[in-house]
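Everything below concerns the one structure shown next.
The values are calculated or read from the model by the stated rules, or taken from the named source; none is laboratory data. A quick note: this is a predicted structure, and the numbers were derived from the prediction, not measured. Positions of Cβ are generated from backbone atoms using ideal geometry, with glycine treated the same way; all protein chains shown enter the neighbour counts. Heavy atoms of the whole protein, side chains included, go into the accessibility calculation; ligands, DNA and RNA do not. Shrake-Rupley method; radii C 1.70, N 1.55, O 1.52, S 1.80 Å.
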Amino acid sequence: MDIGTVRDLYASPGRYVTAYASSNPVLENAAHLYDLRWRDIVAELERLGVGPEVRELLMAERGDRYQREGGTRVVVVSGEGKQARTCLTQWLPGRSDVDVLAVGGLPHLLPVLDWMDSRLPHVVAVVDRLGVDVLAYAGGPLPAEAISQDTTLPPWHKAHAGGWAQRRYESHVEEHWKHGAKDDAELIARACRETGADVVILAGDPKALSLLRDELPCEVAAKVVVVQGSRARDGSADHLATRVAEVLAVQVARRRSELLAEFQRYRGRARTLVGAGVGVAAGVGSAGQAGLGGPAGASGPSGIGPAPAGSPGRPMLAASDGAAATAYALSRSQVSRLLLAESPSADEPAWIGDDATEIALDPAGADGLRRPVRAAREDALVRAALGTGASIHAIPPDTPESPADGVGALLRYSLQAGLD
């Protein structure tokens, strides 16, 4: 699944039903418990007045209840009655004890996008003195490319032949190792280029690893993380998979930390500049709405509304902090990276129009939208971000760097700040 597939979900008209349910294969009667979770979801939908056609589609697409790997099943159904159709089914890794059910004008996609954001393109390579196994992941759960190749010509091992030819024989073997390492490096570098890998995870024989790292291009070598593992078919594959998952988790956490640090830096600079402009420590994107008449009826947030070009004393901001400020920036197609807390209040509403940039956070702002529809605030922000080419990042809501209201953004271009 790619971002284009997710964006296309909005082409389906009418009401959306989104359901997430987890399966844990280690539990006794796991298949029966999984079925019960879906029956509870269907019962809740019936209580909410959702028709039988949608409920039947959900049950039909709940996936294999004997899913051995476990995980969370997500199903999105759009439309009602005979027009209802399934527009997304996917198993996501990881489980939750809490099922998620959303019924509204938009699909609930943040968990799916969070999973996609955490799927770093990466290459896993296991080497020995005979060759290399390469798995290249472009972002999905399955490898985009898998190569297993013996690249070293025989002889592969130094034999104690003795006599005057011993040193020449050993040098011959070492030259074969070096040539094999060069071929291994070329395979890995090619896989990195084709997948845009962010990290290269290496494992294998220490001597082969040393030779390989000497042959890797600098841009690939800078991405290398070494873990324990071998090419031997000795049952260690699960151990290697665990080490790979740990490396990727660290990389994702580091990237998220860097993103929050960048947001905090720009937010702090904006607060300083805005405060300096008025003599007080004004925050960026306070909760109020200024009604600045942005595109498609979007409401401009108090404290960061746009000013005419060349206005004196108006600092330039590169981050929006809070739901109001971020919705306004989205209405201007200004957001580069949207930051959403993982568990914002599901009760917060928003209103959307025909275009992705048509978004308002209060009923007054909805007056300027074409055919306004009420939706969950989080889902409306996600739709606007996807429709304007912004990336979406779920973030921990309880860290000091988190944005106000659990909503913030880094901007493509600076927003000139003014006070109303």
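Using alpha carbons only, how many angstrom separate the centre of region 390-409 from the centre of region 50-127? About 23 Å separates the Cα centre of region 390-409 from the one of region 50-127. Note on region 87-135: semi-axes of the ellipsoid equivalent to its C-alpha gyration tensor, largest first and rounded to whole Å, are 37, 12, 9. Between residue 29 and residue 146, full extension at 0.36 nm per residue minus the direct alpha carbon distance yields a gain of 38.6 nm.
When each of the peptides 193-204, 41-52, 117-128 is scored by the mean number of other C-beta atoms lying within 10 Å of its residues, the order from highest to lowest reads 117-128, 193-204, 41-52. Using a simple spin-label model with pseudo-atoms 7 Å out from Cα toward Cβ, residue 265 and residue 11 lie 4.0 nm apart. The HN-Hα couplings worked out from phi for region 4-13 by the Karplus form 6.51 cos²θ - 1.76 cosθ + 1.60 (θ = phi - 60°) are x, 4, 5, 4, 5, 4, 6, 6, 7, x Hz, whole numbers, x standing for Gly and Pro. Based on protein heavy atoms only, region 173-238 ends up with 53 Å² per residue of surface accessible to a 1.4 Å probe. For residue 94, neighbours were defined as the other residues whose beta-carbon sits under 11 Å from its Cβ, and their charges (Lys and Arg +1, Asp and Glu -1) total -1. Couplings for region 241-256, taken from phi via the Karplus curve 6.51 cos²θ - 1.76 cosθ + 1.60 with θ = phi - 60°, read 4, 5, 5, 5, 4, 5, 4, 5, 4, 5, 5, 5, 5, 5, 5, 5 Hz in order; Gly and Pro are left as x. In sequence order, region 356-369 has phi-based couplings of 4, 7, 8, 8, 9, 9, 9, x, 4, x, 6, 4, x, 8 Hz under the Karplus curve 6.51 cos²θ - 1.76 cosθ + 1.60, θ = phi - 60°, and Gly or Pro positions carry x. The gain in end-to-end length when the residue 333 to residue 214 segment is fully stretched comes to 38.3 nm, 0.36 nm per residue minus the alpha carbon separation.
Protein heavy-atom surface of region 49-132, 1.4 angstrom probe: 45% of the accessible area is carbon and sulfur, with nucleic acids and ligands not counted. Distant-in-sequence amide contacts of residue 226, defined by a placed amide H-H separation under 5 Å and a gap of 5 or more residues or a different chain, comprise 202.
When the solvent-accessible area of region 194-236 is split by element, carbon and sulfur atoms take up 48 percent of it, the probe being 1.4 Å. Taking amide H positions as modeled 1.01 Å from N, with prolines and chain starts lacking one, the residues under 5 Å from residue 88 and 5 or more places away or on another chain are 76. Rounded to the nearest 0.05, the FRET efficiency derived from the C-beta distance between residue 95 and residue 182 at R0 = 30 Å is 0.10. Extension gain for residue 119-residue 272 works out to 51.5 nm (0.36 nm per residue, less the C-alpha to C-alpha distance).
With a Förster radius of 51 Å applied to the beta-carbon distance between residue 354 and residue 174, the computed FRET efficiency rounds to 0.15.
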